[in-house]
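Only the coordinates and a few stated rules stand behind these numbers; no lab work does. All figures in this text were calculated on a predicted structure; none of them were measured in a lab. Here the Cβ is made from the backbone with ideal geometry for all residues, glycine too, and neighbour counts use every protein chain on show.
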Amino acid sequence: MSEVYLEVLRPGINTTTQDYGREHLYHIGITISGAMDLRNHKLANALVSNKTDEATIEFAYQGPLLKLKNGTINFAITGDVTFNIIRKNSKSEEGKCYQNYILESDEQLDILSTKKSVYGYLSVSGGFKLEKFWNSYSINTKANIGPNNGKKYSTGEKILVKNSEKLKIKEKKINYVNPSSNLIRVIKGTNFDYFSNDSQNKFFQEDYLITNLTDRMGMRLKGSILKNTKSSNIKSEGLIRGVIQVPADGNPIILLSDHGTIGGYPKIGIVVSADLDRVAQLSPGRKIKFKEVTLTDAENLFKDYLSETNKYLNATN
Amino acid sequence: MIKNISNLGDAAIYCDFGKEVNEAINSEVIKYYHCLSDVIKERKIEGITNLTPSYNKLIISFDLGITNFSNIKKKIENLKIEDSKKQTSKKVKIPVCCDDKYGLDFKRLSEKLSLSKEEILKLYLYKEYFCYMTGFIAGMPFLGDLDKNIRCDRLETPRVKVPEGSVGITEQFANIYTFESPGGWNIIGSTPKKIFKKNNINDPALIKPGDKVIFYEITNEEYLNWNE
């Protein structure tokens, strides 16, 4: 029997496979990677009855145009995404996020754009047929680690689908609206006191513009220059997702899933875990406002985030 | 000894071992790192997702859905650190070709240090360096300490691309670019040796924290014919 696969007719801007990412490798310089918006990754899987850590296809801005070969799949798309399903009779059907669809052999899926956000997710029932690297399906294009030789997908490549035998399809649909607030909660960083009082105040009062220098590694911001009164370099030390570091030029950078594992710029703050999905979805050109919270606040915010995620996951059952 | 434990955001712990960079402090960090790795393997602590040792800090990342700052902090404070922990340190010899086509920054270094290329290399090669940490990019070792006479600042403007294999120096440290990457270190040569082998899943990094590294010189011909 021939293998079932999606042929990439147009790759989109940055199309990779992702899951929860890698653990226990920071100490050798391998970063965590993983879906930039973990909730949407999980929801995509749940809508096609997969385990939530199954690989999904993550795309950014413009997504891929895919043609299915040799079988039938049950798929879902999450995010704030415009897409069409091109049926065999060449009729184009407008797709809706947060519900599952059937795609037949030789039909196409045209993922046009992620509207006012950045990332979207495509899941197929049974998952994609990929090899794990360091226990993860995540593609890290900077270190070339992961399936597809660690590279983003390009035209002509085939993405194999694991299972397409007799699908038992249950219609699934949830009502989910992506949060769009630009207010990002932050805990003060270990070098907060490196900055002048005026800059400390401005950091929490003024807007910061998201520049085009934004990708899976990090997000460069522009705004009121953050004046460092101590030293613009620290001895290199470990980094985590969400760290907001400030190089000598005074413009903050938020580190995201493919960030470098160590670095020597002072840390003014760290985005709370509950807001990591949301910050990754803010597109260049938008403005961010930071709000200071305590550790206890952050822990409670994360509980709320998880219970809301679970509420929607349960709604797919 | 850990001087101070604080939170780095809501999902990581920041263990501060001091401000200085030296082998004694770094060895403490590495000792804690090894002890904690064992404890994690034995499943005596739940929820830790990563340990990042550096010169004088250890960062412990955890899954906030499983545990939290105060739980892990208590565990760290009660951790029994065994001094006699297995000494896994080894000596690694790294071949380097320092011909001008690989050593991109000899001119800059000579001007800044008032030393000839030969004098710089005499102070750099065949010395034993200590590996403080690996990271930034996969497998990149941070080695030290360099002779005081060859310590120099980073480039004013970092290169967008430093070729894979390049060996660099800055301040009291030496490194090896395991992959092509942006970087601001002074490049003085290149090694044909693979420092990070991603297909070697269980042990991809040749040089690990605590290891000793010696650079020795090879000719361009040896470089080009290098075979592992």
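Could you tell me what % of all Cα pairs in the range A:183-314 have separations over 24 Å?
When all Cα pairs of the range A:183-314 are counted, 26 percent exceed 24 Å.
Around A:G269, which amide H atoms from residues at least 5 apart in sequence, or from another chain, sit under 5 Å from its own amide H, with H modelled in the peptide plane?
Amide H neighbours of A:G269, under 5 Å, 5+ apart: A:G189, A:I244.
Quantify how strongly other chains surround peptide B:134-144 by giving the mean number of their Cβ atoms within 10 Å of each of its Cβ atoms.
Values: counts 7, 15, 9, 8, 11, 4, 5, 2, 2, 0, 0.
For this peptide, the per-residue mean of nearby foreign Cβ atoms is 6.
Determine the distance separating the Cα centre of the range A:7-28 from the Cα centre of the range B:68-123; give it in Å without decimals.
Here the two parts' Cα centres lie 30 Å apart.
Within a 10 angstrom radius of each residue's Cβ in B:51-59, how many Cβ atoms of other chains show up on average? Whole number is fine.
So the per-residue partner count for this stretch is 6.
Quick one: among B:L113, B:L36, B:L58, which has the greatest mean-square fluctuation in a GNM of chain B with alpha-carbon springs under 10 angstrom?
Top of the fluctuation ranking is B:L113.
Once the convex hull of the alpha carbons of the range A:98-156 is built, what does its volume come to per residue, in cubic angstrom?
Details: hull volume 8.6 nm³, N = 59.
Convex hull of Cα atoms, per residue: 145 Å³.
Once a ≥ b ≥ c are taken as the square roots of the eigenvalues of the Cα gyration tensor of the range A:17-84, is the result rounded (a/c under 1.5), prolate (a/b larger than b/c) or oblate (a/b not larger than b/c)?
prolate
Charges at C-beta only: +1 for Lys and Arg, -1 for Asp and Glu. How large is the resulting dipole of chain B about its Cα centre, in Debye rounded to 20?
Values: 34 positive and 32 negative charges, 104 e Å.
Approximately 500 debye in magnitude.
Given an 8 Å cut-off on Cα distances and at least 6 residues of separation, report the relative contact order of chain B as a percent.
21
Mean-square fluctuation check for chain B, GNM, Cα pairs under 10 Å: which of B:T157, B:T191, B:T134 is largest?
The residue that fluctuates most here is B:T157.
Once you keep just the Cα pairs under 8 angstrom separated by 6 or more residues, what percentage relative contact order results for the range A:196-317?
It comes to 27 percent, rounded to a whole number.
Given the Cα atoms of the range B:129-210, and with Rh set as the inverse mean 1/r over their pairs in the Kirkwood sense, what is Rg to Rh to two decimals? It would help to have the intermediate numbers written out before the result.
Working: Rg = 12.5 Å, Rh = 12.9 Å.
On the Cα set of the range B:129-210, Rg over Rh gives 0.96.
On alpha carbon coordinates alone, what is the Rg over Rh value for chain B, Rh being the Kirkwood radius?
Details: Rg = 19.2 Å, Rh = 19.0 Å.
In chain B, Rg relative to Rh is 1.01.
Set the Förster radius R0 to 45 Å, insert the Cβ-Cβ distance between A:E104 and A:K291 as r into 1/(1 + (r/R0)^6), and round the FRET efficiency to 0.05.
Once the sixth-power term is evaluated, E becomes 0.40.
Ranking request for peptides B:172-184, A:11-23: highest mean number of other beta-carbon atoms within 10 Å first, then the rest in descending order.
A:11-23, B:172-184
Determine the dipole magnitude for the range A:1-112: charges of +1 sit on the beta-carbon of Lys and Arg, -1 on that of Asp and Glu, nothing else is charged, the reference point is the Cα centre, and the result goes in debye to the nearest 20.
About 100 debye.
Structure shown: which of A:K152/B:K194; A:K142/B:K148; B:K90/B:K122; A:K287/B:K161; B:K107/B:K148; A:K51/A:K158 lie over 26 Å apart, alpha-carbon to alpha-carbon?
A:K142/B:K148; A:K287/B:K161
Give me the Kirkwood hydrodynamic radius of the range B:159-199 in Å, from all C-alpha pairs, to one decimal place?
10.4
With a bin width of 20 angstrom, please list the P(r) values of the protein assembly as shown as percents of all Cα-Cα pairs, from the 0 bin to the one holding the largest distance.
Bins of 20 Å from zero give 21, 51, 26, 2 percent of pairs.
For A:K170, which aspartates and glutamates qualify as cross-link partners when the Cα separation must be under 19 Å and same-chain residues fewer than eight apart are set aside?
Correct list for A:K170: A:E54, A:E104.
At a threshold of 8 angstrom on Cα-Cα distance, excluding pairs fewer than six apart, so keeping six or more, what relative contact order does the range A:71-111 reach in percent? Show your work: numbers first, answer last.
Details: 68 pairs, mean separation 21.2, N = 41.
It comes to 52 percent, rounded to a whole number.
Over all directions, how big on average is the projection of the convex hull of the alpha-carbon atoms in chain A, in square nanometres?
16.0
Mind checking the mean number of beta-carbon atoms from other chains within 10 Å of the Cβ atoms in A:261-270? Before the final figure, lay out the partial values.
Values: counts 11, 13, 3, 4, 0, 0, 3, 0, 1, 6.
Mean number of neighbouring Cβ atoms from other chains: 4.
How far is helix A:295-315 tilted, in degrees, relative to the longest principal axis of the Cα atoms in chain A, given as a value from 0 to 90 rounded to the nearest 10?
Its long axis makes an angle of about 10 degrees.
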